[in-house]
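For reference, the structure discussed in these notes is given below.
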Amino acid sequence: LSGCYLLLCALLLDVIEETLDQIAFSIECEVAFALEFTIGLGRDDDGDAASFEAVIGAFKLPKETDDQQKARTAAIQIATLNAANIPLHSAERSVKIMELAIKCAEHGNLNAISDALSGFAMSRASLTAAAYNVRINVHSLPDKSAGDEYLKELAELEKKADNLEANIRKVMKERGGI
């Protein structure tokens, strides 16, 4: 996902660069956010790989005795919850970048408005991919109810993304004529 995010940030930064003289909000904050966002995604990728290794390690624990089985199940539960948390964090970042894309579409140079919509679309796709990862990890939990809060938060993010998508389509129609 981080490659997609890097391209997304590049598109949005291009819109920002094209419109420095036109933007009425704090461009420094937006650029700083986009850069921090991109750097944070590298940490998410590292965490995702580490969490996968932890899940695999938990499944390799011994299971000959009842105590070993209980310890193994608990380790699988903890590792799998962590593996679900990392893409959930990526989903949150995706929604934040959608918000930035809308600001770019609202205030940016009309010649670069399609870049804002492209960035939004890529971020929406990354939200969808992250959501699949959250759901498969929650589905894999020994105690699936432990993932209910993750699924609730994910549903809220997806609902927010739906509203943001309606908003950016409105902006694109009003400002861009598309």
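One table, with the values for the structure above:
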{"item": "Subset of region 119-138 [open to solvent by less than 10 Å² (accessible area, probe 1.4 Å) and touching a Pro at 6+ places or on another chain (Cβ under 8 Å)]", "result": "A130, A131, V134"}
{"item": "Check on L141, assigned to a helix (DSSP H, G or I) and surrounded by 17 or more Cβ atoms within 10 Å (Cβ to Cβ)", "result": "no"}
{"item": "Single residue of region 51-73 satisfying the filter (hydrophobic (A, V, I, L, M, F, W, C) and farther than 18 Å from Y150 by Cα) that is least open to solvent (accessible area, probe 1.4 Å)", "result": "A58"}
{"item": "Residues located in region 54-84, provided they are of a type in the set (S, T, Y), assigned to a helix (DSSP H, G or I) and out of contact with any Leu (no Cβ under 6 Å at 6 or more places or on another chain)", "result": "T73"}
{"item": "Failed criterion for I23 (all others in (1) farther than 22 Å from D162 by Cα; (2) of a type in the set (A, V, I, L, M); (3) modelled with pLDDT of 90 or more hold)", "result": "(3)"}
{"item": "Within region 149-166, tally of residues that are open to solvent by 60 Å² or more (accessible area, probe 1.4 Å) and touching a residue at least 24 places away in the same chain (Cβ under 8 Å)", "result": "2"}
{"item": "Whichever residue in region 75-106 is open to solvent by 50 Å² or more (accessible area, probe 1.4 Å) and over 30 Å from E174 (Cα atoms) and, among such residues, is farthest from the chain's Cα centre (by Cα)", "result": "I78"}
{"item": "Filter result for A116 (surrounded by fewer than 22 Cβ atoms within 10 Å (Cβ to Cβ) and either assigned to a helix (DSSP H, G or I) or touching a strand residue (DSSP E or B) at 6+ places or on another chain (Cβ under 8 Å) (or both))", "result": "no"}
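So that you can scan it fast, the table gives a plain yes or no per residue for (1) hydrophobic (A, V, I, L, M, F, W, C); (2) out of contact with any Cys (no Cβ under 9 Å at 6 or more places or on another chain); (3) more than 20 Å from K103 (Cβ to Cβ):
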site: N137; (1), (2), (3): no, yes, yes
site: D143; (1), (2), (3): no, yes, yes
site: A146; (1), (2), (3): yes, yes, yes
site: K152; (1), (2), (3): no, yes, yes
site: K170; (1), (2), (3): no, yes, no
site: E174; (1), (2), (3): no, yes, no
site: G177; (1), (2), (3): no, yes, no
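The values are calculated or read from the model by the stated rules, or taken from the named source; none is laboratory data. Just so you know, these numbers come straight off a predicted model, no measurement behind them. No Cβ is skipped: glycine too gets one built from the backbone with ideal geometry, and neighbour counts run over all protein chains shown. All accessible areas refer to the heavy atoms of the entire protein, side chains included, with ligands and DNA or RNA removed. Shrake-Rupley method; radii C 1.70, N 1.55, O 1.52, S 1.80 Å.
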